[in-house]
Amino acid sequence: MTDSQIIIEKFNSKALEGNPLGDPAVRRVGVYLPPDYVEGERYPVVYLLTAYAARGLKLLKDDLWTENIQERLDRLITSGAVRPLIAVLPDASTRLGGSQYLNSPATGNYEDHILELTGYIDDQYPTLAASSQRAVLGHSSGGYGALRLAMRRPEVFGLTAAHSADMQFEMVYRPDFPKFLRYYDRFGVDGLRKLIADPGEMLRQGTSFYALAVTAMSSCYSPNPNSELGFDFPFDLYTGEILPGIWQQWLENDLIHMVKEYTENLRSLKLIFFDCGTRDEENLLYGARIFDRRLEELGIAHHYEEFDWGHRDIEFRYDVSLKAISNAFGG
């Protein structure tokens, strides 16, 4: 048996050229080729989307006691639990931490970037280049991106799976707004500009991670080219009161509210799998239950699971989602 391979591609993304944050258009993308890979044989593909503040190559981490994604796929494939496949590890990060895998005039065209990447991978590798053989899978913000991409573009991604995906914004994001406001009260607009200019340095100085996350989500969900920052916050920066018009922009991007618009797209998917831990610290369990109920009410085939764990360190759940994807690929 030959070993699996990891190839690091330097992908020059036309979609990201000239993006508003000045982030690089050239991205390092990991490509996993399975054990006993045979050139000329064609393989289904899984795109693995990482959480906020991570790049795809993080999945290749070399930690004690924890399998990285290459080791996990090797075990699953060699045991016969998962069929041989190609896995792609994109980088959709931004200077602010993440793009939510969507197009925003404040961050860049990251949905287009992922779609562009699928074409590149199909050109460079022996993929089964059909939506029925192309899956998108992710955790947290990556889970949000996986469901959103399949929901909007089922002709590209015919299968989707998500672990602890961002949804039900009322519960997942609004609890973080006071954390941002306390930062803003202390450091004002100058501190905000410093945070946007150099998040890494500000985090090293003790800035709240949640202050950065709220800033990043605002850049994704409520862009405003006429604003000084290029985006709006969904609350008054002095009183913290929710600004209904801007908050509505956020809600329009909430998966539980997108279901109605994309019902027929969802119905066309070959697989919808999602799960959430019953002890999820980000309150994502309740959004997952709402999403499950809405799909059920619409008669959309899907599979939802809950498991006894929190939001982080849930790599073990990839065993479940990858098996579900492999079974749905067929063959």
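The values are calculated or read from the model by the stated rules, or taken from the named source; none is laboratory data. Computed from a prediction, not measured in an experiment: that's the story for all the values here. All Cβ positions, glycine included, derive from the backbone under ideal geometry; neighbour counts span all protein chains shown.
This table checks each residue for (1) farther than 30 Å from residue 328 by Cα; (2) surrounded by fewer than 20 Cβ atoms within 10 Å (Cβ to Cβ); (3) of a type in the set (D, E, K, R).
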position	(1), (2), (3)
213	yes, no, no
217	yes, no, no
220	yes, no, no
227	yes, yes, no
246	yes, yes, no
255	no, no, no
260	no, yes, yes
265	no, yes, no
273	no, no, no
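Output yes when any residue across segment 62-72 is part of a loop (DSSP other than H, G, I, E, B), in contact (Cβ under 8 Å) with a residue 12 or more places away in the chain and either in the same structural domain as residue 225 (by TED's automatic domain parsing) or of a type in the set (Asp, Glu) (or both), and no when none is. For segment 62-72, residues part of a loop (DSSP other than H, G, I, E, B), in contact (Cβ under 8 Å) with a residue 12 or more places away in the chain and either in the same structural domain as residue 225 (by TED's automatic domain parsing) or of a type in the set (Asp, Glu) (or both): present. Can you confirm whether residue 237 is hydrophobic (A, V, I, L, M, F, W, C), assigned to a loop (DSSP other than H, G, I, E, B) and either at pLDDT below 95 or in contact with a helix residue (DSSP H, G or I) (Cβ under 8 Å, 6 or more places away or on another chain) (or both)? Here the answer is yes, as residue 237 does meet what is asked. Each residue in segment 139-190 was checked for being crowded, with 20+ Cβ neighbours inside 10 Å and not hydroxyl-bearing (Ser, Thr, Tyr), and 24 pass. If we scan segment 306-324, do we find a residue that is farther than 24 Å from residue 68 by Cα and surrounded by fewer than 20 Cβ atoms within 10 Å (Cβ to Cβ)? Within segment 306-324, not a single residue is farther than 24 Å from residue 68 by Cα and surrounded by fewer than 20 Cβ atoms within 10 Å (Cβ to Cβ). Considering (1) out of contact with any Lys or Arg (no Cβ under 6 Å at 6 or more places or on another chain); (2) touching a residue at least 60 places away in the same chain (Cβ under 8 Å); (3) surrounded by fewer than 18 Cβ atoms within 10 Å (Cβ to Cβ); (4) more than 30 Å from residue 223 (Cα to Cα), the lone condition that residue 134 does not fulfil carries the number (3). Residues in segment 268-305 that are touching an Asp or Glu at 6+ places or on another chain (Cβ under 9 Å), in a helix (DSSP H, G or I) and of a type in the set (Lys, Arg): 1 in all. Residues of segment 273-312 that are within 25 Å of residue 62 (Cα to Cα) and within 16 Å of the chain's Cα centre (by Cα): 311, 312.
Filtered by the rule that a residue be in contact (Cβ under 8 Å) with a residue 12 or more places away in the chain and more than 22 Å from residue 131 (Cβ to Cβ), segment 78-89 gives 78, 81. The set of residues from segment 279-298 being touching a residue at least 24 places away in the same chain (Cβ under 8 Å), more than 13 Å from residue 167 (Cα to Cα), surrounded by fewer than 18 Cβ atoms within 10 Å (Cβ to Cβ) and not basic (Lys, Arg) comprises 281, 298.
Inside segment 133-170, residues that are under 23 Å from residue 104 (Cα atoms) and either acidic (Asp, Glu) or part of a helix (DSSP H, G or I) (or both) make up a count of 16.
Of all the listed residues (55, 75), the sole one being within 20 Å of residue 324 (Cα to Cα) and either crowded, with 17+ Cβ neighbours inside 10 Å or in the same structural domain as residue 152 (by TED's automatic domain parsing) (or both) is 75.
Being at positive phi and touching a helix residue (DSSP H, G or I) at 6+ places or on another chain (Cβ under 9 Å) is a property that residue 108 has.
Only one of the listed residues (34, 44) is farther than 21 Å from residue 119 by Cβ, more than 19 Å from the chain's Cα centre (by Cα) and surrounded by 21 or more Cβ atoms within 10 Å (Cβ to Cβ). That residue is 34. Is it the case that residue 213 is modelled with pLDDT of 95 or more and in a helix (DSSP H, G or I)? Answer is yes for this residue.
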